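None of the figures in this text is laboratory data; all of them are computed from the coordinates on show. Here the structure is a predicted model, which means the values were calculated and not measured. When we count neighbours, we look across all protein chains shown, and the Cβ atoms used for this are built from the backbone with ideal geometry, even at glycine.
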Amino acid sequence: MENEVLGIGSRVKHKEYGIGVVIQVKSSSYLITFVDYGNREISRNYDGFEIIDLLEPEEDLVSFEMIEQTLIKILRNFSDIQETVPIADKWTGGTLILKPSNPDLKPYEMPISTFFNKIIMIRDRLRVLEQKINTSNISDEEKIVLQQYITRSYGSLTSFNILFKNKSDSFVGEGSK
């Protein structure tokens, strides 16, 4: 790696820190965000990187907003971290009751917050699946077909939008895109 200069967004593998992404290029070092170790500043002379994806350095400066969006994308791609999504106030502390038609059977109860968190996990995993499809090596036609299934899945989950506090967190199906 002696003559290569890493650009912002380059993905590397470090012997100790694992996979990371260059978020800033300095005169003598790189600022790299690693999934498990956070930000680390590493000398540009360090030759222990395995380059996963080399991006050429750009002439223009990158805004903080662009870096932030890149980090969010990286975290969604490489982790199972779930964003915090608030439940609508009217459901806080509520209970979900599933009552069978047979009166001899006992109803099933669970906190709505538990059910809501399961819905959020499904949404987050659909997003990760969508990103993995978009970055995969399958044909564009296959990507479109798979993305349509994901969009339909979001559409099937729109019934649960009443649980979200913020409309921006809601599911959006085919008809709303």
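Using 0.36 nm per residue and subtracting the Cα-Cα separation, the extra length available between residue 137 and residue 110 on full extension is 5.6 nm. Here the Gaussian network model covers the chain, with springs between Cα atoms less than 10 Å apart; of 104, 47, 124, 104 fluctuates the most. If only the Cβ of Lys and Arg carry +1 and only the Cβ of Asp and Glu carry -1, the dipole of the range 101-177 around its Cα centre is close to 240 debye. Evaluating 6.51 cos²θ - 1.76 cosθ + 1.60 at θ = phi - 60° for every residue in the range 4-15, the Karplus couplings come out as 7, 10, 7, x, 4, x, 5, 9, 9, 10, 9, 4 Hz, glycine and proline recorded as x.
To the nearest 500 deg cm²/dmol, what mean residue ellipticity at 222 nm is calculated for the chain from DSSP H runs of n ≥ 4 alone, each contributing -39,500 (n - 2.57), summed and divided by the residues? Display every interim value, and only then the final one.
Values: 3 runs with 55 residues, N = 177.
The helix-only estimate for the chain comes to -10500 deg cm²/dmol at 222 nm.
Dipole check for the chain: with +1 at the C-beta of Lys and Arg, -1 at the C-beta of Asp and Glu, and the Cα centre as origin, the magnitude is about 1020 Debye.
For residue 10, the amide hydrogen comes within under 5 Å of the amide hydrogens of 22, 55, counting only partners 5 or more places away or on other chains and with H modelled in the peptide plane. Ranking 122, 88, 71 by Cα position along the charge dipole of the chain, where only Lys, Arg, Asp and Glu carry charges on their C-beta atoms, puts 88 farthest toward the positive end. Backbone phi angles across the range 26-37, fed through the Karplus curve with coefficients 6.51, -1.76 and 1.60 (θ = phi - 60°), yield HN-Hα couplings of 10, 4, 10, 8, 10, 9, 10, 9, 9, 4, 9, 10 Hz in residue order; Gly and Pro are listed as x. Label the range 1-57 by shape, choosing from rounded, prolate and oblate, from the square roots a ≥ b ≥ c of the eigenvalues of the Cα gyration tensor; if a/c is under 1.5 it is rounded, and otherwise prolate applies when a/b is larger than b/c, oblate when it is not. Verdict is rounded for the range 1-57.
Proximity of backbone amide H atoms, modeled 1.01 Å from N, is registered between residue 19 and 14, 35 at under 5 Å, excluding neighbours fewer than 5 places apart on the same chain. Taking amide H atoms as placed 1.01 Å from N in the peptide plane, the amide H of residue 44 lies under 5 Å from those of 29, 30, each 5 or more residues away in sequence or on another chain.
From the cross-link list 118/143; 90/143; 106/132; 143/167; 73/143; 73/167, which pairs have alpha carbons spaced over 30 Å apart?
Details: 118/143 26 Å; 90/143 39 Å; 106/132 42 Å; 143/167 28 Å; 73/143 19 Å; 73/167 21 Å.
Exceeds cut-off: 90/143; 106/132.
Among the listed values (i) 15.2; (ii) 9.6; (iii) 14.4, the one matching mean projected area of the Cα convex hull in nm² as calculated from this structure is (i).
Each label point was placed 7 Å from the Cα along the Cα-to-Cβ direction; for residue 66 and residue 158 their separation is 3.6 nm. For the range 162-168, backbone phi angles converted through the Karplus equation (6.51, -1.76, 1.60; θ = phi - 60°) give residue-by-residue couplings of 5, 7, 7, 6, 9, 4, 5 Hz, Gly and Pro being listed as x. Taking only Cα atoms and a 10 Å spring cutoff, compute GNM fluctuations for the chain and point out the largest among 161, 39, 102. Largest GNM mean-square fluctuation: 102.
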